[in-house]
Amino acid sequence: MTAPLRGLRVVEATSFVAGPLAGMTLAQMGAQVLRLDPVTGPVDAGRWPLSGTGRSLFWAGMNKGVKSVAVDFRVPEGQELAAALITAPGPHAGLFVDNTIGRDFLSHNRLRARRADLVHVHIQGYPDGRAAMDYAVNPRYGVPALTGPADSRRPVNHVLPAWDITTGLLAVSGLLAGLHRRAVDGDGCLVELALADVAAAHVAHLGWFAEVAEAGQDRPRLGNHLFGAFGVDFACADGRRVVAVAITRAQWRDLMRMTGTEAVFVALSSVHGTDFDVEGERYRHRGLIEAVLAPWFTARTVEEVLEAARGTRVMAGEFRSPSEVVAAWRRGAESPVLTEVEQAGVGPMVTATSPLRWNSRYREAEPAPEFGADTEWALAEVLGMSRREIGRLADNGLIRTRRDESDGA
């Protein structure tokens, strides 16, 4: 079983990261996901990075396996089509994920009037409805102040949209929880999820706000040192770098054995009156530990370090660039989660399937849809419209179809 959600139909009206990730995640678990796109094209369809043909690799990567239904949301008839698709009958339908602002025809109250058991997940920027994005929310909750070199005061806003990703996956959890509730008591629900709340909550869950509230001051920057335990990067003989982490006592003891430094740390423990078996003590003496271990790493290549760590409990990992990851994948030296799909308008595209393995099997990756490729199918199969009705909508510019995309190519 690699498609546990087969039979569910979810309608999605989203853009950028969190919403499309939610839709793609559901599709990768087998749900039929209908993506509602404006007839003029998705707002994020040109987002970088771009392929050599000018197509968005971002959009193709974030929308794999869903269906594209292109409708003119600017006019009442197009709005009616969108609402009808969202609220179409069926025990495994009536599921909607959106991050829209100012589209009243997609409001929960309007849609619920058509289908009382609608499960609707609405992704927001802020709880009051204002727009937001990861790179603007992240600075508000202190993470950039803790990120970057220890000797720099400039905040570092990391490139990974962690809060967007977390929001997208929480949206999936919210939708499936709402579906379960509906199965139990028949009730629909509105689940609201704000990106800013996701960031604030998870920083708080980690204890970082409680820490500063008690200490009365911010934690200092640590560069690449791991907070609260021992972990840092080391330069190796081949000019590359590797990180070594020892959180538990067993990992620490394996790290000492691996590097032949057991006797050194026994002596240092006596000199400094500390017990390096204690996680917090390793953190307090991180600079000393780093200095003792560094010569062992600088005398070895990264591969020699990784080989030495195999069979131990030491967590070691080399620093690689994206190009090095792709090169390893081409050699067959990467996880099968990375794969290649034939993407329309792009050609062969390196991407990934779902990291969930069902009965030890990855689900086969699917490409992203061509814009409007599934409009005719959705109107016919979901709404029961005739070819003549669909033709009229297309002629009047109220929908966009695969044929329109081909004509415009």
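The values are calculated or read from the model by the stated rules, or taken from the named source; none is laboratory data. Fair warning: this is a prediction, and the values are worked out from it, not measured in the lab. As a convention, Cβ positions derive from the backbone with ideal geometry for all residues, glycine included, and neighbour counts pool all protein chains shown.
Residue check: is residue 145 within 20 Å of residue 97 (Cβ to Cβ), touching a residue at least 40 places away in the same chain (Cβ under 8 Å) and either surrounded by fewer than 16 Cβ atoms within 10 Å (Cβ to Cβ) or assigned by TED's automatic domain parsing to the domain that holds residue 98 (or both)?
Working: within 20 Å of residue 97 (Cβ to Cβ): no; touching a residue at least 40 places away in the same chain (Cβ under 8 Å): yes; either surrounded by fewer than 16 Cβ atoms within 10 Å (Cβ to Cβ) or assigned by TED's automatic domain parsing to the domain that holds residue 98 (or both): yes.
Answer is no for this residue.
Per-residue answers, yes or no, for (1) small (Gly, Ala, Ser); (2) closer than 23 Å to residue 318 by Cα:
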residue: 259; (1), (2): no, yes
residue: 281; (1), (2): no, no
residue: 294; (1), (2): yes, yes
residue: 304; (1), (2): no, yes
Kindly establish whether residue 153 is at pLDDT 95 or above, part of a loop (DSSP other than H, G, I, E, B) and surrounded by fewer than 14 Cβ atoms within 10 Å (Cβ to Cβ). no
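Taking segment 110-142 on its own, how many of its residues are touching a residue at least 40 places away in the same chain (Cβ under 8 Å) and either surrounded by fewer than 15 Cβ atoms within 10 Å (Cβ to Cβ) or part of a loop (DSSP other than H, G, I, E, B) (or both)?
Kept after step one, since they are touching a residue at least 40 places away in the same chain (Cβ under 8 Å), are these residues of segment 110-142: 112, 115-127, 132-134, 137-138, 140-142.
If we keep only those that are either surrounded by fewer than 15 Cβ atoms within 10 Å (Cβ to Cβ) or part of a loop (DSSP other than H, G, I, E, B) (or both) too, we end up with 115-118, 125-127, 132-133, 140, 142.
Number of matching residues: 11.
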So residue 339 clears everything in (1) of a type outside the set (Asp, Glu); (2) in contact (Cβ under 8 Å) with a residue 60 or more places away in the chain; (3) closer than 27 Å to residue 22 by Cβ except one condition, right? Which one? (2)
Determine whether residue 40 is of a type in the set (Val, Ile, Thr) and over 23 Å from residue 120 (Cα atoms). yes
Helices (runs of 4 or more DSSP H) contained entirely in segment 8-100, each with at least 3 residues that are under 15 Å from residue 371 (Cα atoms): 57-62
